1. Can you name every residue in the stretch 17-32 that is in a loop (DSSP other than H, G, I, E, B) and within 13 Å of the ligand (Cβ to nearest atom)?
2. Quick check on Asp60: is it closer than 25 Å to Lys13 by Cβ, within 15 Å of the ligand (Cβ to nearest atom) and free of Cβ contacts under 8 Å to residues at least 60 places away in the same chain?
3. If Ala12 passes every condition in (1) over 14 Å from Val106 (Cβ atoms); (2) at pLDDT 95 or above but one, which one does it miss?
4. What pairs come up if the first residue lies in the stretch 26-46 and is in contact (Cβ under 8 Å) with a residue 60 or more places away in the chain and on the phi > 0 side of the Ramachandran plot, the second is part of a strand (DSSP E or B) and within 11 Å of the ligand (Cβ to nearest atom), and their beta carbons are under 8 Å apart, counting only those six or more places apart or on different chains?
5. Just the residues that are touching a His at 6+ places or on another chain (Cβ under 7 Å) and either more than 8 Å from the ligand (Cβ to nearest atom) or among the β-branched types (Val, Ile, Thr) (or both), please, taken from the stretch 95-127.
6. Can Ala78 be described as more than 15 Å from the chain's Cα centre (by Cα), more than 16 Å from the ligand (Cβ to nearest atom) and either over 18 Å from Leu25 (Cα atoms) or at pLDDT 95 or above (or both)?
Amino acid sequence: MAYAYDDQNVFAKILRGEIPCTKVLETEHALAFHDIAPQAPTHILVIPKGAYVNYDHFADEASDAEIAGFTRAVAEVAKQAGVAESAGGNGYRMLSNAGPDGHQEVPHFHIHVFGGGFLGKMLYFPG
Ligand code: AMP
């Protein structure tokens, strides 16, 4: 199935500067900003600048430079936020939702970076 990207999604609008965000980091291939409804003391979203719906779309169609740049940006965000152990923090969790079962709300690939306190077990599965 081909990937269908909706360029009216909220993160596409942020990338185009049509709506604001609280920027944390910007690189050639990635933009990071605070989640508008944080679910942990640190809750940052990292998005690629390219138009990708989800992780599998990104992995299939992004260039090696985009993938490397984005991956490094996520790590840099964790360091700059002070949650990466390599930066003196106490750890973090990365999460990316995809599709209906993943409860993805915004159809532009993004990674959540959570931290700033104990995050509990990995997953709650309501059944
Ligand atoms: P997901 O369910 O993985 O698609 O998560 C989408 C996330 O985007 C949620 O955590 C929202 O709180 C967040 N979000 C939605 N709109 C904005 C916005 N304008 N700025 C920052 N975060 C947003």
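The values are calculated or read from the model by the stated rules, or taken from the named source; none is laboratory data. Because the structure is a prediction, the values reported are computed rather than measured. Cβ coordinates were reconstructed from backbone atoms using ideal geometry, including for glycine residues, and neighbour counts include every protein chain displayed.
1. Of the residues in the stretch 17-32, the ones in a loop (DSSP other than H, G, I, E, B) are 17-22, 27-29.
Listed by number, the residues that qualify are Gly17, Glu18, Ile19, Pro20, Cys21, Thr22.
2. Numbers: closer than 25 Å to Lys13 by Cβ: yes; within 15 Å of the ligand (Cβ to nearest atom): no; free of Cβ contacts under 8 Å to residues at least 60 places away in the same chain: yes.
In short, no.
3. For Ala12, the exception is condition (1).
4. Short answer, once both residue conditions are applied: none.
5. Looking only at the stretch 95-127, we keep the residues that are touching a His at 6+ places or on another chain (Cβ under 7 Å), and these are 95-97, 109, 112, 114.
Matches in the stretch 95-127: Phe109, Phe114.
6. Details: more than 15 Å from the chain's Cα centre (by Cα): no; more than 16 Å from the ligand (Cβ to nearest atom): yes; either over 18 Å from Leu25 (Cα atoms) or at pLDDT 95 or above (or both): yes.
Answer is no for this residue.
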